[in-house]
Amino acid sequence: MIRVMKSEEPTRFIVTVDGDLSGDHIAVVEFCCQEAESSGKPVELVLRDVTIVDHVGRSLLGRLAAKGVRLIADGVYTSYLVESLASAGSGRSEPSLAKRFQRGRR
């Protein structure tokens, strides 16, 4: 099960995810983020009550962060996930990738 909510503010677009980031749900999150990116505003992806993230979900999060989407974790599991993605990203040639991840609430 998944719930994806979008909210547009004057200076940013926020996509909030609750549930599983796996299987068919990944396409929904990716579509919402692409739609948000088309607004031209900075995009924040809030992983609020995410309980499952499979390898395809992790890959999506990495791609979104590389495109400039700011990942925000809310919870122990998602904080660990975001930190591990930031660590993996900081080893790449783009040193600013780790700065696109944030732990904790906005």
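The values are calculated or read from the model by the stated rules, or taken from the named source; none is laboratory data. For clarity, every value in this text was computed on a predicted model and none was experimentally measured. Ideal geometry is used to build each Cβ from the backbone, glycine not excepted, and the neighbour counts take in all protein chains shown.
At a glance:
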{"read-out": "Qualifying positions in region 18-44 - free of Cβ contacts under 8 Å to residues at least 40 places away in the same chain, in contact with a helix residue (DSSP H, G or I) (Cβ under 6 Å, 6 or more places away or on another chain) and assigned to a strand (DSSP E or B)", "value": "43"}
{"read-out": "Residue match in region 82-98 (condition: of a type in the set (A, V, I, L, M), at pLDDT 85 or above and surrounded by 15 or more Cβ atoms within 10 Å (Cβ to Cβ))", "value": "yes"}
{"read-out": "Check on residue 72, β-branched (Val, Ile, Thr), assigned to a strand (DSSP E or B) and buried (at least 16 other Cβ atoms within 10 Å of the Cβ)", "value": "yes"}
{"read-out": "Among (1) modelled with pLDDT of 85 or more; (2) more than 11 Å from the chain's Cα centre (by Cα), the one test that residue 46 misses", "value": "(2)"}
{"read-out": "Conditions (1) among the aliphatic types (A, V, I, L, M); (2) buried (at least 21 other Cβ atoms within 10 Å of the Cβ); (3) under 22 Å from residue 88 (Cβ atoms): number failed by residue 36", "value": "(3)"}
